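This report refers to the structure that appears directly beneath it.
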Amino acid sequence: MRRAAIGSCGWTLRGNWDLVGALYGLDSPPAMSAASSRKVPQLRAGRVAALWGMAALAAGCASDVPTETQPVVESPAPTGPEPVEPDFGISCAPVNPVPNEGRLLTRLQYDNTVRDLFRGLVTQSFGATFPPENRVLGFETNAELHRATAWLAEAHVKASEAIAGQLVGQLTQLLPCADEVAQAATQDAAAARQCASTFIGEYGPRAFRRPLLDAEVEPFVALYDQAAAERGFAHGIQLVIEALLQSPQFLYRFELDASRPVEPSSLVVEGAEVTGPEPSYALDGYEMASRLSYFLWNSMPDDELFAAAANDELVTAEQVEAQARRMVDDSKMAATLGDFHRQWLELDRLPSMVRELPGVGEMSYGPDWAISVDLFMHDVFSRGTNVESMMESPYVFMNPRLAGLYGVALPEGTPDNEFVPIAFEEDKRAGLITQPGLLAMLAHSNQSAPIQRGVFIRTSLLCQPPPPPPPSVDPTPPDPDPNATTRERFAQHTADTSCAGCHALIDPIGLGLENFDQLGRYRADENGLPVDPSGAILATREEALAGEFYGGQDLAQRLEESQQFKDCLVTQWYRYASGRVEQTVDLCSMAQARAAFEKSEGNLREMVIAMAISDGFRYRTESAPVDVSSADGASEVQP
């Protein structure tokens, strides 16, 4: 990793590790030679301080993070959703804040932020070169486990150098005054420095998503001065860009403003106070702008959000809601929907997936299936329809390849890459759980997989995952038998007493989808034998959900009418949006979103907007959350 001193800061990696390690969540600095740990007196050509050094640069090369005295302003009376009791013996207060956690940009957020920071001049994906995020309960956004590593830090350095190198060739587009500097017969150092200051003044606040402190501006100017003195104006700007992109304030989202305290509140569970009263704060405008933009767009705030933050127009729930509605209608929301569906439904398994086509051999429809399922879910959301449409609509989006596989006709001349909504018979397709791509993903290469399908519905749609199988269990499915149906071959699971307990929770759900083969095609018989699609849902948290059903359409209707399914959908969105696994302290905010979801009769857009104005989204505490998790990491207080 490349390291250099900034001017006379006297930066050394080990000497400032307490500061940097805390910012990056690393326990100790990476191993380095004695030579590389010494101060470097000059900037090497084309290099800037590495990721570790930027913490000190942004802090004015001091051992203490710079602070400016912030006046404490009187917070307006709390606004937003009415307090809602989540029915777990919890007493919700007028304001129910959630602990604050610094959040490192994900790969998608990094690419989107770079694109928007430099107004579309950078479109290449650099996140693809970063190590993947750790997944927690299916999601990559978990703040606790998405931490910087030496590998990721090095990737950030390389990306910053590549981006800066690309932008320095587009300086006149990036910075209009650069054209005057470039055309000067003899470069005017004063004019060039003023142009560099203009760049720092414009792009620094955009990179940090808030106004820069004076102590943050000065090191960037000093960096430019030293680099420009050595190799000229363009080189100075190049290193400033690298420095901005390596700053913790760019790579992380910090929420540190304490100027808007709210009345401390306690969390009461079954009559006992389990937290508080704790110092609590309303987010400031810039923090709120970033929360909105990274939730709904997975990117930095746009100009309208920045203006709202500057004008103190992200204070009340009504102001936040107005921005959330605007943002949900923006085209950038489509990518966030795709990202949520990819993680929630595990659609990233599909592109590389192959399935055996009888009489043909292995075929790959994975990319087509992934697009088809995502288009279906996006259509449900964008049309403003409700959960009933998501679970009962008979439509499937198909391109010519999929149409040929499923035996349907598309309009003549449909291009290979165009997907058209096709209505199937309502007794054969019913919303999400009968989407061909999803059913094909939840299958083996040469046969259906009732266990996978049952586990998926319990885990992803009901938030009630079954316990993992014992280590001694062989997960290999029974071989296909031309003289038996899948139901008959999998009967061993419930016959074996060592397996029956868990499989009684799983198999009856998956067997109810046996009308669909490993390609997601509808079938009435298997191997010449009639398919029995009867199923059952057992041991649910909701009594009305439990019981027998017959086939995919009946199961879809049962789920659509289920409060447990709707609550689980809110839970999945909350995990994605908040970057947290829900704990006791989160339940009041989740109850607010559920109440709005129910009031809107299951409208998905309204649920997402309600989440953006919930207490947990607009207020924070300083303490760590109360740990009520069980050994498997899921909340003991079930959603």
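Computed from the coordinates by the stated procedures, all read-outs in this text should not be read as laboratory data. Since this is a predicted model, take the numbers as computed values, not measurements. Positions of Cβ are generated from backbone atoms using ideal geometry, with glycine treated the same way; all protein chains shown enter the neighbour counts.
Quick notes on this structure:
- The overall shape of the stretch 429-470, judged from the alpha-carbon gyration tensor, is oblate: a/c is not under 1.5, and a/b is no greater than b/c.
- Rough spin-label spacing in nm, given labels placed 7 Å along Cα→Cβ, for GLU598 and ALA409: 4.8
- Relative to the globular-protein estimate of 2.2 N^0.38 Å, the Cα radius of gyration of the stretch 363-450 stands at 1.07.
- Amide H contacts for LEU104 (H built 1.01 Å from N in the peptide plane; partners 5 or more residues away or on another chain; cut-off under 5 Å): ARG253.
- Compared with the direct C-alpha span, the chain from LEU256 to ALA191 gains 19.8 nm at full extension, assuming 0.36 nm per residue.
- Cα gyration tensor, the stretch 272-362 - rounded (a/c under 1.5), prolate or oblate: oblate
- Remark: spin-label model distance GLU561-ASN134 equals 4.3 nm, labels positioned 7 Å along the Cα→Cβ axis.
- The average projected area of the stretch 89-151, computed from the convex hull of its Cα atoms over all directions, is 7.1 nm².
- Between the stretch 581-617 and the stretch 420-468, the C-alpha centres lie 26 angstrom from each other.
- The stretch 496-590: mean projected area of Cα convex hull, nm²: 8.9
- At an R0 of 41 angstrom, the distance between the Cβ atoms of GLN183 and ASN311 translates into a FRET efficiency of 0.65.
- Cα shape, the stretch 92-193, gyration tensor, a/c 1.5 rule: prolate
- Calculated over the stretch 556-604: convex hull of Cα atoms, volume per residue (Å³): 76
- Hull-based mean projected area of the stretch 410-537, where the convex hull spans the alpha carbons, in square nanometres: 9.7
- Computed FRET value (nearest 0.05) for VAL360 with ALA335, which takes r as the C-beta separation and R₀ as 35 Å: 0.50
- Residues SER91 and ALA504, FRET efficiency given R0 of 25 Å [Cβ-Cβ distance, rounded to 0.05]: 0.10
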